[in-house]
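Everything below concerns the one structure shown next.
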Amino acid sequence: MQAASDQQWYTCTAGAWVARSSSSGCAAAYGWCDSATLGRKVPPRSCVEASSNNTWYQCDGQTWVDPVDYTAQSGPAGLCSEMHQL
């Protein structure tokens, strides 16, 4: 998992978070998503209105997914941790 606090990678080993140099070798990795609209990475569960098509997407820790319910501020990964409207 990529931490929101420092964007570093961690794995849970024996109940403790241990720092890693990358997500290489992990069976599954959940990290920040690159946003072309914002020009930067955003943490998992962030919701962004895409400038390319005005559709809302949510970072699920692996890719951008939809639909996002703007009113409820939630998407497939749960409540939006951040909302970025155009």
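Values computed for the structure shown
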{"item": "Options S5, S35; residue that is within 22 Å of G78 (Cα to Cα) and crowded, with 18+ Cβ neighbours inside 10 Å", "result": "S35"}
{"item": "Subset of region 37-50 [assigned to a loop (DSSP other than H, G, I, E, B) and modelled with pLDDT under 95]", "result": "P43, P44, R45"}
{"item": "Restricting region 10-32 to residues that are open to solvent by less than 70 Å² (accessible area, probe 1.4 Å) and in contact with a Gly (Cβ under 7 Å, 6 or more places away or on another chain), the residue that is nearest to V65 (Cα to Cα)", "result": "G31"}
{"item": "Residue match in region 41-51 (condition: over 15 Å from the mean Cα position of the chain (by Cα) and open to solvent by 60 Å² or more (accessible area, probe 1.4 Å))", "result": "yes"}
{"item": "All positions within region 76-85 that are more than 18 Å from S51 (Cβ to Cβ) and either in a strand (DSSP E or B) or acidic (D, E) (or both)", "result": "G78, L79"}
{"item": "Complete set of residues in region 1-51 that are out of contact with any His (no Cβ under 8 Å at 6 or more places or on another chain) and among the aliphatic types (A, V, I, L, M)", "result": "M1, A3, A4, A14, A16, V18, A19, A27, A28, A29, A36, A50"}
{"item": "Selection status of T63, exposed (fewer than 14 other Cβ atoms within 10 Å of the Cβ) and either touching a residue at least 24 places away in the same chain (Cβ under 8 Å) or within 19 Å of Q2 (Cα to Cα) (or both)", "result": "yes"}
{"item": "For T55: the one exception among (1) open to solvent by 90 Å² or more (accessible area, probe 1.4 Å); (2) at pLDDT 95 or above", "result": "(1)"}
{"item": "Cross-chain or 6+ apart pairs with Cβ under 6 Å, region 69-83 first and in contact (Cβ under 8 Å) with a residue 40 or more places away in the chain, then in a loop (DSSP other than H, G, I, E, B) and of a type in the set (S, T, N, Q)", "result": "none"}
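The values are calculated or read from the model by the stated rules, or taken from the named source; none is laboratory data. The model shown is predicted, which means the values in this text are computed figures rather than measured ones. We place every Cβ from the backbone using ideal geometry, glycine too, and count neighbours over all the protein chains shown. Accessible surface areas use protein heavy atoms only, side chains included; no ligands, DNA or RNA. Shrake-Rupley method; radii C 1.70, N 1.55, O 1.52, S 1.80 Å.
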